[in-house]
Amino acid sequence: MMLAYRHAFHAGNHADVLKHTALVAVLRYMNLKDKGWRLVDTHAGAGGYSLQGEYANKRAEFEQGIGALWQRDDLPPPVADLVGLVRQFNGGKALAQYPGSPALAHMLMRPQDQLRLHEMHPTDHKILASYLGDQPGVEVAMTDGFAALKGHLPPTTRRGVVLIDPSYEIKTDYARTLAALRESLERFAEGVVIVWLPQLQLLEAAQLPQRLKASAEKLGKKGWLHARLTVAQGDARGFGMLGSSVFIANPPHTLVAELRPAVAWLAQALAQFEGAHGMVEAA
């Protein structure tokens, strides 16, 4: 079941916009110092996605995500930064493809920085390896990203980011995500750990943010940030993805001030119902 999940169905949707706005802001902050950083991406995907292919157009979720932002000229700075990188990835004015986390990180990395990318899906791994596998400072592996963390942390430079972004198609992903955050902070207490979470009417989805907060408070050095974007209503039975959130342990000290207005703005820009809202909390 795990290997049936393809991110191309969801590429560029509201969840990607939130996750990647936060990721880009974190990496921009990391670039303020000359010392290199390492990004470990546990569920890297294919690296980039066609928005004109059958997968993306099956649901056309990008139209209510990056597509809704493409022509706007009133984007808040962190969102404008992301949209600018997506334009760079497309190499023109047309929105034909969407960069995944590895592509965005590769656009922002410097010669002294490193990417450690893990993807288990054979097709997505093949695409990712052909795209970035030969690039300096990049390693692409078809291995379990959760299990690989111990080999990557702490980085020799003591500067690093872990991105944990499973599909949550199987419920064990919730427990494994919590364990991965804990392991990351136990090995590298000052490292930045970014966790993407779906907002679903599921007990596991509701409980995970509180468990992540407790672990970050116990094991981290610089607190946590939780940004949530609620854009949709559930179906008649209350099911469906209502939105998503990004939890960050040891966030850059500038991030709350950057994300709070941006998330509130995104809630209105990407709203699919009148009750859409965004929030950023931190401790």
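Derivation of every value follows stated rules applied to the coordinates shown; laboratory data play no part. None of the values given here were measured: they were computed from a predicted structure. Don't worry about glycine lacking a Cβ; one is built from the backbone with ideal geometry, like all the others, and counts go over all protein chains shown.
Numbers for the structure displayed
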{"quantity": "Fewest-first sequence of 273, 9, 247 by Cβ atoms within 10 Å of each Cβ", "calculated": "273, 9, 247"}
{"quantity": "For the range 134-208: Kirkwood Rh in Å [reciprocal of mean 1/r, alpha carbons]", "calculated": "13.6"}
{"quantity": "In Å, descending, principal axis extents of the Cα set of the chain", "calculated": "47, 39, 39"}
{"quantity": "Net charge dipole size for the range 9-112 [Lys, Arg +1 and Asp, Glu -1 on Cβ; Debye, nearest 20]", "calculated": "320"}
{"quantity": "Residue 47 long-range amide H proximity, modeled H, under 5 Å", "calculated": "100"}
{"quantity": "The range 1-145: translational diffusion in µm²/s, Stokes-Einstein, Kirkwood Rh over Cα pairs, 10 °C, 1.306 mPa s", "calculated": "102"}
{"quantity": "The range 118-267 shape via C-alpha gyration tensor axes, a/c threshold 1.5", "calculated": "oblate"}
{"quantity": "Estimated translational D of the range 108-178 in µm²/s (Stokes, Kirkwood radius over Cα pairs; 37 °C; 0.692 mPa s)", "calculated": "244"}
{"quantity": "Cleavage-rule hits (GluC sites (Glu not before Pro)) in the range 210-283: DSSP loop, at most 14 neighbouring Cβ within 10 angstrom", "calculated": "274"}
{"quantity": "Across 126/171; 19/213; 171/222, pairs whose alpha-carbon gap is larger than 24 Å", "calculated": "126/171; 171/222"}
{"quantity": "Residues 184, 101, 130, sorted so that the one with the fewest Cβ neighbours within 10 Å comes first", "calculated": "130, 101, 184"}
{"quantity": "For the range 162-169, Karplus couplings with θ = phi - 60° (6.51, -1.76, 1.60), whole Hz, Gly/Pro x", "calculated": "10, 10, 10, 9, x, 7, 6, 5"}
{"quantity": "Within a Gaussian network of the chain (alpha carbon springs, distance under 10 Å), most fluctuating of 134, 124, 16", "calculated": "134"}
{"quantity": "Mean separation of Cα contacts under 8 Å, 6 or more apart, over the residue count of the chain: relative contact order %", "calculated": "21"}
{"quantity": "Estimated [θ] at 222 nm from DSSP helical runs (n ≥ 4, -39500 (n - 2.57)) normalised by residues in the chain, nearest 500", "calculated": "-12500 deg cm²/dmol"}
{"quantity": "Cα-centre dipole for the chain with unit charges at Cβ (Lys and Arg positive, Asp and Glu negative), debye to 20", "calculated": "660"}
{"quantity": "The chain - share of DSSP beta bridges that are antiparallel (%, nearest 5)", "calculated": "60"}
{"quantity": "Residue among 72, 87, 176 with the largest mean-square fluctuation in a Gaussian network model of the chain, springs linking Cα atoms under 10 Å", "calculated": "72"}
{"quantity": "Packing-based exposure ordering (other Cβ within 10 Å, fewest first) of 157, 230, 177", "calculated": "157, 230, 177"}
